[in-house]
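First comes the structure, then the notes that go with it.
The values are calculated or read from the model by the stated rules, or taken from the named source; none is laboratory data. No experiment lies behind these values; they were computed from the predicted model shown. Ideal geometry is used to build each Cβ from the backbone, glycine not excepted, and the neighbour counts take in all protein chains shown. These area figures cover heavy atoms from the full protein model, side chains too; ligands, DNA and RNA do not enter into them. Shrake-Rupley method; radii C 1.70, N 1.55, O 1.52, S 1.80 Å.
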Amino acid sequence: MPKSKNEYLYPIDPRNIARISYDESPAHIEKLKHAVDFICNEGTPVRAALDGTVVDVKQDSELGGENKSFDLVGNYIEIKHANGEYSICEHIQKNGSLVKIGDKIKAGQKIGLSGKTGWIAHLGAHLHFDVHVYFAQSNDYQTVEIRWKK
């Protein structure tokens with residue numbers, strides 16, 4: 001899979017990142033192999049990595065844990081960007097989204113608060129971020145290697 005066509009900002013201010021992990025999460029395999037985890041405190045502001053439109057939000061869960069059974073209960077914000085690319089910010093706090101479906105957002109805009117909902121593995125509170133493209137006529141997707149804005 002190629003690199004992203006767009007260049008993205010870090011979704012967490014670098015001053016608030018304890019560390020960045022590309023390969024510690026057991027979930028970062030196959031279609032999620034290019035996902036990134038930003039280890040940060042719960043409640044850290046999450047910002048839009050690029051201009052776009054919010055296409056999906058889940059923020060009703062307070063559940064999270066270290067095993068895969070928590071995979072589908074994590075909160076997230078998904079944004080559609082130029083060039084058919086989408087980004088997702090996962091593990092958002094319960095009621096931690098500051099945006100709703102249909103909102104037009106700008107790069108750097110505060111969109112939510114990080115948390116520890118869903119399958120957080122052994123990483124504790126962090127923000128999962130990936131850029132993905134959907135396959136034609138399908139809800140299936142593949143992450144792409146992210147080009148970061150310098």
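Structure above, values below:
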| item | result |
| --- | --- |
| Shape call, the chain: gyration tensor on alpha carbons, a/c limit 1.5 | rounded |
| Relative frequency of Cα-Cα separations exceeding 14 Å in region 1-49, percent | 58 percent |
| Accessible-area composition of the chain, carbon plus sulfur, in percent [1.4 Å probe] | 49 percent |
| Ranked order, 62, 42, 90 - accessible area, probe 1.4 Å, largest first | 62, 42, 90 |
| Probe 1.4 Å, protein heavy atoms only - accessible area per residue of region 73-150 in square angstrom | 46 Å² |
| Among 104-114, 124-134, the order from most to least packed when residues are scored by Cβ within 10 Å on average | 124-134, 104-114 |
